[in-house]
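Heads up: the structure comes next, in structure tokens.
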Amino acid sequence: MKSLLWKTASELSALMQNKECSAREVAEAHLEHAKQTNQKLNALLEIKEEEALIAADAVDEKRSAGEELSPLAGVPIAIKDNLLVEGWKATAASKMLESHVASYSATVIERLRNSGAILIGRANLDEFAMGSTCETSHFGPTMNPWDTSRIPGGSSGGSAAAVAASMAPISLGSDTGGSVRQPASLCGLVGLKPTYGRVSRYGLMSLASSLDQIGTFSKTVLDTANLMKVIEGADPKDATSCVLDNTSFWNGESDIKGLRIGLPKEFFGEGMDPEVQKVIVEAAKKLESLGAILVDVSLPNAVSAIETYYIILPAEASSNFARYDGLRYGHHASGESLVESYEKSRGEGFGSEVKRRIMLGTFSLSSGAYDAFYGKALAVRDAMREDFRKAFEQVDVIFGPTSPSVAWKLGAKSDPISLYLADIYTIPANLAGNPAMSVPCGFASEMPVGFQLIGRPFEESLLYKVGQAYQNDTTWHENNAEGRF
Amino acid sequence: MENTQENTAHLARLARLSLTDEELALYTTQIADILTYVSKLQEVETAEPSKWTDSLGTPVSRRVDEQDSCSSEVRRNLIDAFPSKEGDLLSVQAVFTNRV
């Protein structure tokens, strides 16, 4: 039998449906490969071999009994470790939750299990999803499979590396300011951040509640769409999740003749690596050659995206993270008084980036600073949303780079602001709530590059259409990191 | 933007975070730099922010504030996670008195 590694989820699904292999064989191949390669990459914090094989056997039984199964049945998937899976450790890559075991499963996990997807393990991340490199994890950094001396991106670096290294063909991450799209770009994958509210956040550890969305990693747009079909949709347990109407689903179309694609001038100014820019411009020309019409647009307030984000996120995080008091769960350190116990538990439990952002948020929300910082950031956010609305009067989809550079060396950047600047192109979509997707489009300095598409709210179908058109006519997504680690 | 170690210590206290002396010094500088950077936002002309809207700008939906329950299994899992307990009760230090 040919190797079952380095295949897409759709390819594996077809093999299983045609009875050319079993779900058990697929699971065994990926689990063995994960065990062999994880020492070099540290993509997975834990591999759940026994559970995965039991689940795979259950899928095989159902298939033998002639049951109709989801396209994801038997497909391995890695899960970012800020998503709760009942009975699994849920650490958020933090000392604060080092020994914590999830009491219940996230809605997306229930939906994946019902589809027959095989959860293979917990993926590494920047601590509590705060970061762009996967270096702040309490359990050590993850390495990029394309070059193990480089970062995979973050915060969903483990999820990205797991798919790039073929530990699983798909994975889940979370995206608050680019934490799915940026690692997708740096690891040569398709990474989707859905419209805010498209996927239930129940069971996702909250970072910034108005920005967080669960997102997907895969090699292809088709796999992304199939995975989203399983996890998306309203959930009574998440009041911000939305009912999806029929118009928001993709019919598989990929003809983009006449589609208007906007190129914001703010995304093509200073700050982008010239080699990356060359690749991105080539990708835009490819879309034009497929019949799309390129239109210059402007998102004037996008230049303030980083400042806006790094006021709103810390503010919301400081509020959300009050729950980590060391009393009901998590790391506990006793002090002379209750307040001292809080301070010691949190001081010991949190890493430096987490503490920094909590204090920034505390400042922004304090009286005297509230209006000038947090109030102002909310107003700029409103303006950014209006920028998108106006741009989408002229175009159907917005196009630009995902990341200003390719993956950099581990340890190369330690100054917080230089790290924050990595999110410059991804943040606007989170602030406005729009869906956005990174698609692999080439290489610079032998490292992957991705372009980003941003759509109107709930128009993921247009993103899929454009992405599929691109992947039908190019082979960048067929490259993989085999032999590179 | 200016920042002092006293300010940072005050923020840490508000945020219920203990810091080492090294952290205090480091964060004082870093927070000053970050606040200087994000303060650029004050030069941007804007209208009053909308209130009570979600990320997409639609009014926030609210639901009736009614009690919900969880399964006995989830309840057990939650209680088992208590760092300190007496029976099924969470044990904590008193709020207003020092520990004896």
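To the nearest Å, what is the center-to-center distance of region A:405-439 and region A:1-75, using C-alpha atoms only?
Between the Cα centre of region A:405-439 and that of region A:1-75, the gap is 32 Å.
Using modelled amide H (1.01 Å from N, peptide plane; none on Pro or chain starts), what sits under 5 Å from the amide H of A:I118, excluding residues fewer than 5 places away?
Residues meeting the amide H criterion: A:G74, A:V75, A:I77.
I need the P(r) histogram for region A:337-454: all alpha carbon pairs, bin width 5 Å from 0 out to the longest distance, whole percents.
Result returned by the calculation: 2, 8, 12, 15, 16, 15, 13, 10, 5, 3, 1, 0, 0.
For region A:142-236, compute the orientation-averaged projected area of the C-alpha convex hull (one quarter of its surface), in nm².
5.7
Whole-Hz ³J(HN,Hα) for each residue in region A:81-89, computed from phi via Karplus 6.51 cos²θ - 1.76 cosθ + 1.60 with θ = phi - 60°, x for glycine and proline: what do you get?
With coefficients 6.51, -1.76 and 1.60, one gets 7, 10, 10, 7, 10, 3, x, 8, 4 Hz.
Take the residue pairs A:K193/A:K465; A:K2/A:K465; A:K35/A:K80; A:K2/A:K40 and return only those whose Cα atoms are more than 21 Å apart.
Too far apart for the 21 Å limit: A:K2/A:K465; A:K2/A:K40.
How far is the Cα center of region A:173-219 from the Cα center of region A:276-342, in Å?
Taking the Cα centre of each part, region A:173-219 and region A:276-342 sit 10 Å apart.
Sequence neighbours fewer than 8 away in the same chain don't count; with that in mind, list the lysines whose C-alpha is under 25 Å from A:K344.
A:K89, A:K95, A:K355, B:K85
Report, for chain A, the % of DSSP beta bridges that are antiparallel, rounded to 5.
In chain A, DSSP labels about 70 percent of beta bridges as antiparallel.
Rg(Cα) of region A:73-127 divided by 2.2 N^0.38 Å?
With N residues counted in region A:73-127, Rg over 2.2 N^0.38 Å equals 1.11.
Is any residue of region A:381-395 close enough, with backbone N under 13 Å, to a label point placed 7 angstrom from the Cα of A:V295 along the Cα-Cβ axis, and if so, which?
A:388-395
If I take all pairs of Cα atoms in the protein assembly as shown, what percentage of them are more than 34 Å from each other?
The proportion of pairs with Cα distances above 34 Å equals 38 percent.
At q = 0.17, 0.21 Å⁻¹, what base-10 log of I(q)/I(0) does the Debye formula yield for chain B when every alpha carbon is treated as an equal point scatterer in vacuo?
Here the Debye-derived log intensity ratios amount to -0.98, -1.03.
Taking region A:32-119, how much of its Cα-Cα pair set, in percent, is spaced more than 16 angstrom apart?
59
Can you give me the orientation-averaged projected area of the convex hull built on the Cα atoms of region A:180-293, in nm²?
9.0
So what's the gap between the Cα centers of region A:363-404 and region B:1-71, to the nearest angstrom?
16
Please compute, over every Cα-Cα pair in region A:112-153, the percentage with a separation greater than 17 angstrom.
Counting every Cα pair in region A:112-153, those more than 17 Å apart make up 44 percent.
Quick one: work out Rg over Rh on the C-alpha atoms of region A:264-323, Rh as Kirkwood radius.
1.19
So what is the calculated 222 nm ellipticity per residue for chain B, using -39500 (n - 2.57) for each DSSP H run with n of 4 or more, over all residues, to the nearest 500 deg cm²/dmol?
So the helix-based figure for chain B works out to -11500 deg cm²/dmol.
Could you give the length gained on full extension between A:E20 and A:E386, defined as 0.36 nm per residue of separation minus the Cα-Cα distance, in nm?
Here the segment from A:E20 to A:E386 would lengthen by 126.6 nm.
Can you show me the helix-derived [θ] at 222 nm for chain A, built from DSSP H runs with n ≥ 4 at -39,500 (n - 2.57) apiece and divided by the number of residues, rounded to the nearest 500.
Value at 222 nm, helices only, nearest 500: -11500 deg cm²/dmol.
Every number in this text was worked out from the coordinates using simple rules, so none of it is lab data. Keep in mind the model is a prediction, meaning the values are calculated, not measured. Note that each Cβ is placed from the backbone with ideal geometry, even for glycine, and that neighbours are counted across all protein chains shown.
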